Amino acid sequence: MLSTRHGSLKLAGRTALVGILNVTPDSFSDGGRYLNADEAIAHGVRLAEEGADLIDIGGESTRPGARPVSAEEELERVLPVIRGLRRAVAIPLSIDTYKSRVARAALDEGADVVNDISALRFDPAMASLVVTENVPVVLMHMQGTPRTMQKRPFYRDVVAEVTDFLSERFRFALAEGVKPEQIVVDPGIGFGKDLEHNLALLRDLSALGSLGRPILVGPSRKTFVGKILGIGPEGRLEGSLAAAVAAVLAGANMIRMHDVREARRAIAIADALRYGTAHIET
């Protein structure tokens, strides 16, 4: 169970589905599609209706090579959407940011979770914000920064190194006062990893179980899917669903996806196989 201000995410016997809502002009898959606040809010409502358990809202692209944006620009993009969605849906909302100023304003407008791709490294004020606000936080692994992460990423043992990194960040968060039950870990599929690194992490995802915290995996429309299938982001639905099912069967507790309706159905099958119980959703 992951408790938030607007409901709890049940992680026992069922995988939580995180719907992606990028309010950016340059995200790798849906950049510019939901830059208008009204369109973004309407899409967020659709994600909730299609079965999302949480909606993750981001105002800065973290695709490989993406340019950073100011906190002011990020706030202009995400706050109207969070404000509108908080009135329109009952499920928890997440803010995808590594800036404490953005996270604070988002939480004030009704967000429930901080999804930090830097695992509390890029902004020294983020950990204290999470503690003060008593909200869940996602700690993600990334080698380098979005601008540099895909420039020849190298690991001697990617599974061991990602596990060690997340273990260190988990200990750091605890030392800062974050409650252990409020922490989620994410291996960072596609963030400073090549095809084989991503496949190795998905195969051995159970290694992260040693941390004793829920595992979030985001395979949706990622480059590794495109490399296997030889297809662009818009054609990666089936591959993304296959990766999501594999992640659930390997131990993931939360899956982050663009295509919520399809993912909800695929994950229901994975949950039936993993937990021995069926959650039929129509």
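Read-outs: derived from the displayed coordinates by stated rules, not from any lab. This is a predicted model, so every value here is computed, not measured. Here the Cβ is made from the backbone with ideal geometry for all residues, glycine too, and neighbour counts use every protein chain on show.
For Lys227, list the lysines whose Cα falls under 28 Å from its own Cα; do not include residues on the same chain fewer than 8 positions away.
Lys151, Lys193
Please compute the modelled spin-label separation between Ala88 and Glu133, points set 7 Å along Cα→Cβ, answer in nm with one decimal.
Output for this residue pair reads 2.1 nm.
How much net charge surrounds Asn115 when only other residues with a Cβ under 9 Å from its Cβ are counted (Lys, Arg +1; Asp, Glu -1)? Write down the numbers at each step before the final one.
Values: positive: Arg256; negative: Asp56, Asp96, Asp116, Asp186.
With Lys, Arg at +1 and Asp, Glu at -1, the net is -3.
Counting helices only, and only those DSSP H runs with n ≥ 4, report the 222 nm mean residue ellipticity of the chain as the sum of -39,500 (n - 2.57) divided by its residues, in deg cm²/dmol to the nearest 500.
Values: 9 runs with 114 residues, N = 282.
Value at 222 nm, helices only, nearest 500: -12500 deg cm²/dmol.
Expressed in nm to one decimal, what extension gain is obtained for the pair Leu273 and Asp38 from 0.36 nm per residue of sequence separation less their Cα-Cα distance? Spell out each step's value before the answer.
Values: separation 235, 0.36 × 235 = 84.60 nm, distance 3.89 nm.
Taking Leu273 through Asp38 to full extension adds about 80.7 nm, to one decimal.
Sticking with the crude label model, points 7 Å out along Cα→Cβ, report the distance from Ala12 to Ile231 in nm, one decimal please.
Spacing of the two 7 Å Cα→Cβ label points: 3.9 nm.
State the answer as a single residue: which of Ala88, Ala268, Asn22 lies farthest towards the positive end of the charge dipole of the chain, with beta carbon charges of +1 for Lys and Arg and -1 for Asp and Glu, about the Cα centre.
Ala268
Compute, for the chain, the length of the dipole vector about the Cα centre, with Cβ point charges of +1 (Lys, Arg) and -1 (Asp, Glu) only. Units Debye, rounded to 20.
Its charge dipole is roughly 340 debye.
Which order results if Thr145, Thr97 are arranged by neighbouring Cβ count within 10 Å, fewest first? Intermediate results must be reported in sequence, preceding the final value.
Numbers: Thr145 16, Thr97 30.
In order of increasing Cβ crowding within 10 Å: Thr145, Thr97.
What ranking do Asp123, Asp164 get, fewest neighbouring Cβ atoms within 10 angstrom at the top? If you can, show how the numbers build up before the last one.
On the way: Asp123 18, Asp164 12.
Going from least to most buried by this count: Asp164, Asp123.
Which order, highest average first, do 106-116, 60-70 follow once you tally other Cβ atoms within 10 Å for each residue and take the mean per peptide?
Details: 106-116: 23.8, 60-70: 17.5.
Those peptides, ordered most packed to least, come out 106-116, 60-70.
Compute the signed sum of charges (Lys and Arg +1, Asp and Glu -1) over the other residues within less than 12 Å, Cβ to Cβ, of Glu72.
Working: positive: Arg77, Lys99, Arg101; negative: Glu60, Glu73, Glu74, Glu76.
Result for the neighbourhood of Glu72: -1.
Please work out the Cα center distance from the range 131-196 to the range 205-282, rounded to the nearest Å.
Here the answer is 19 Å between Cα centres.
May I ask you to derive the FRET efficiency for Arg46 and Thr148 from their Cβ-Cβ distance with R0 = 35 Å, giving the value to the nearest 0.05? List each step's numbers first, then the result.
Values: r = 35 Å, r/R0 = 0.99.
Once rounded, the FRET efficiency stands at 0.50.
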